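Read through the structure below, which is laid out as structure tokens, and then see the notes.
Just so it is clear, none of the values below were taken in a lab; they were calculated from the coordinates. Small disclaimer: the values here were computed from a predicted structure and weren't measured. Please note: Cβ atoms are built from the backbone with ideal geometry, for glycine as well, and neighbour counts cover all protein chains shown.
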Amino acid sequence: MKGFFISLFFSCVFIGLNAQDVLVLLNGDEIQCKVYEVGLEVIRIKRADNPGGPYYSIGKIDAFMIKYENGTKEVFSENFNSYVTNNLGRVDISYEKNDLLSNYLVEHKEKNVIYDYQIDVDKVLTANRIFYYGIDMTPLILLNYAKVGHEERNKIYITAWVSYVNELIPPDQDLKRWLRKEELILSFDLIHNRNQRKGGTWIDVECDGLPIEYVQELIRRYTEEIEEESGIGFVIIMDSFNKRREEAIGIYCFFDIETREALWVTKMRGEAEGPGMTKHWGIGMVNSLKAFIDQVYKPEFKGSK
């Protein structure tokens, strides 16, 4: 019996030493600790690896959340609102709301479709040749609080995600066949250079999705730089990667190079899965593209015949 109480005593001590809170900061850092006080301006803690050591005061304005040892959480949402307001991650593009575009909005039952603006679909479907400019990652927002503040560290994945999609879906083979075009002319320099210049705060906790007007203005910027003077252009714009929902959102844009106007713009969800940053979100991008082809493009193509 005496041995039982000794064992119980040491078990309780072990549990007590390992019980801890986790303070999550806005920059994604996690501090293993014991929280003693949450004040108006500071949070007082002791580090878990030095429970007999000094108290530390962490500015409350820098905190995202406390995960307590009992499983409850305390989220400081006011800090997020301030953080998002002062750290915009989108490309700086101004646009005006165009209510007339609602006339081209097509309703879909498929859950993957977020919006589908079919302004002049026939011009896309009947074209024998398409100029494909690649995947524009510059507007992308990664929604993952654990990665906030680590833009430079994660910038290596921008080109890795594009390469992953191109390997799984070779544009000059699979994509050309899926679009059912005699010619799919690849011209990646413009978008590649844009992706290389991506910077700023592109990892965040929340964001608004890109509206059709934003996409239209982005298309006009493309046509200012591309060499072609006429024809149909096609570009994929990545809107966001949502960690909470585990989905990648892509926008599929066909446009008239000469008039600089959008012809067909569709935003789609794709389920993200798999280990590692490259594969996880790369699969999400692939699934978004496949959903566009299967749920939107192919039905319209068949209907036009």
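The table below lists the values:
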item	result
Radius, Kirkwood style, for segment 192-305 when every pair of distinct Cα atoms is counted (Å)	15.5
Per-residue HN-Hα couplings for segment 147-159 [Karplus 6.51, -1.76, 1.60; θ = phi - 60°; Hz; x = Gly/Pro]	9, 4, x, 10, 4, 5, 5, 9, 5, 4, 7, 4, 6
Volume per residue that the Cα convex hull of segment 114-189 spans, once the total is divided by residue count, Å³	133
Coil-residue GluC sites (Glu not before Pro) of segment 94-126, DSSP, other Cβ within 10 Å capped at 11	E96, E107
Percentage relative contact order, the chain, counting C-alpha pairs under 8 Å, at least six apart	18
Protection-proxy order for peptides 114-120, 99-105, 65-71, each taking the mean of Cβ atoms within 10 Å per residue, highest first	114-120, 65-71, 99-105
DSSP-assigned coil residues among GluC sites (Glu not before Pro) in segment 143-186, each with at most 14 further Cβ atoms within 10 Å	E182
Residue-by-residue Karplus 3J(HN,Hα) for segment 102-115, coefficients 6.51, -1.76, 1.60, Hz, glycine and proline x	4, 5, 9, 7, 9, 7, 10, 8, 5, 5, 6, 7, 8, 8
Around I130: net Lys/Arg minus Asp/Glu count, Cβ-Cβ under 15 Å	-4
Cα pair distances in segment 40-80, grouped into 10 Å bins until the bin that holds the longest one, percent each	27, 49, 24, 1
Percentage relative contact order, segment 188-269, counting C-alpha pairs under 8 Å, at least six apart	24
DSSP-loop trypsin sites (Lys or Arg not before Pro) across segment 177-211, with at most 16 other Cβ within 10 angstrom	R180, R197
Contact order relative to length of segment 168-305, as percent, for alpha carbon pairs under 8 angstrom and 6 or more apart	17
Sequence of T159, T72, T138 once ranked by neighbouring C-beta atoms within 10 Å, starting from the fewest	T72, T159, T138
Over the chain, volume per residue of the alpha carbon convex hull, in Å³	176
Inter-label distance for T278 and H108, nm, one decimal - labels placed 7 Å from Cα along Cα-to-Cβ	2.9
